[in-house]
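Any read-out appearing in this document is the output of simple, stated calculations on the displayed coordinates, not a laboratory observation. As the structure is a computational prediction, the values presented were derived from the model and not from experiment. Here the Cβ is made from the backbone with ideal geometry for all residues, glycine too, and neighbour counts use every protein chain on show.
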Ligand code: AMP
């Protein structure tokens with residue numbers, strides 16, 4: 001099963017993905033996390049991606065497509081895609097790759113949320129550089145302020161691209177390029193489940209589960 005989760009930065013894609021992969025036993029393939037791991041490992045791919053990521057721009061399509069096609073194949077095609085596709089070129093290439101393997105996207109979930117909510121969520125987000133756990137300075141505080149609950153004594157950091165000036169560019173990029181992916185799927189007749197992601201996490205996930213459950217039953 002292939003599930004695509006669309007939505008701007010801060011829509012809650014990562015949080016929703018965690019719940020989806022637990023329930024349906026799928027691999028969570030986050031293009032952003034994969035790129036951050038490549039950077040942490042000092043690979044050529046990581047070095048190439050760095051300048052784009054730190055300035056809030058998209059990494060070029062051919063780099064991302066190659067990376068994600070390989071990752072999806074390694075997951076046996078059973079995955080939730082988080083942060084990919086982000087351009088119409090990536091979406092078309094994903095459809096082509098899946099079709100070659102006799103597969104298709106089973107569900108497209110589009111998390112819709114206003115810019116002011118996004119700004120609050122993203123600029124307050126802090127993460128642990130060691131284990132990747134994510135916190136929020138107001139809504140998901142660690143037990144000891146500024147430190148990871150799991151990696152004792154490890155200071156939390158703000159992702160460089162979560163700072164307000166870079167976030168502004170990421171949102172602009174999203175509206176200019178990634179929003180068109182929704183149009184691509186509509187035009188190609190693929191059903192999109194639009195969900196108001198400004199609502200509480202449990203409400204959002206309940207709607208997502210309802211949809212995926214109906215697909216699983218129909219298989
Ligand atoms: P994310 O964690 O999904 O917000 O991604 C962080 C950054 O990684 C983005 O701002 C882009 O620079 C890059 N990135 C992640 N996924 C993609 C993608 N599908 N296409 C291009 N760039 C990407």
Item to check | Packing-based exposure ordering (other Cβ within 10 Å, fewest first) of 193, 94, 81 | outcome: 193, 94, 81
Checklist entry - Using the Cα atoms of region 48-159 to build a convex hull, what is its mean projected area in square nanometres? => result 9.0 nm²
Next on the checklist: Let me see the P(r) profile for region 43-95: every Cα-Cα distance counted, bins of 10 Å, each bin given as a percent of all pairs.
Outcome noted: 22, 54, 23, 1
Checklist entry - To the nearest 10 degrees, how steeply does helix 31-40 sit against the main Cα axis of the chain, on a 0 to 90 scale? => result 50 degrees
Item to check | Degrees between helix 164-173 axis and first principal axis of the chain (Cα, 0 to 90, nearest 10) | outcome: 10 degrees
Checklist entry - P(r) for the chain: what percent of alpha-carbon pairs falls in each 10 Å bin, starting at zero? => result 8, 32, 40, 18, 2, 0
Checklist entry - How far is helix 201-218 tilted off the main Cα axis of the chain, in degrees rounded to 10, range 0 to 90? => result 20 degrees
Item to check | Debye log10 I(q)/I(0) for region 1-89, one point scatterer per Cα, at q = 0.11, 0.15, 0.21 Å⁻¹ | outcome: -0.30, -0.56, -1.08
Next on the checklist: Above 14 Å lies some portion of the pair distances; for region 115-157, what is it as a whole percent of all C-alpha pairs?
Outcome noted: 40 percent
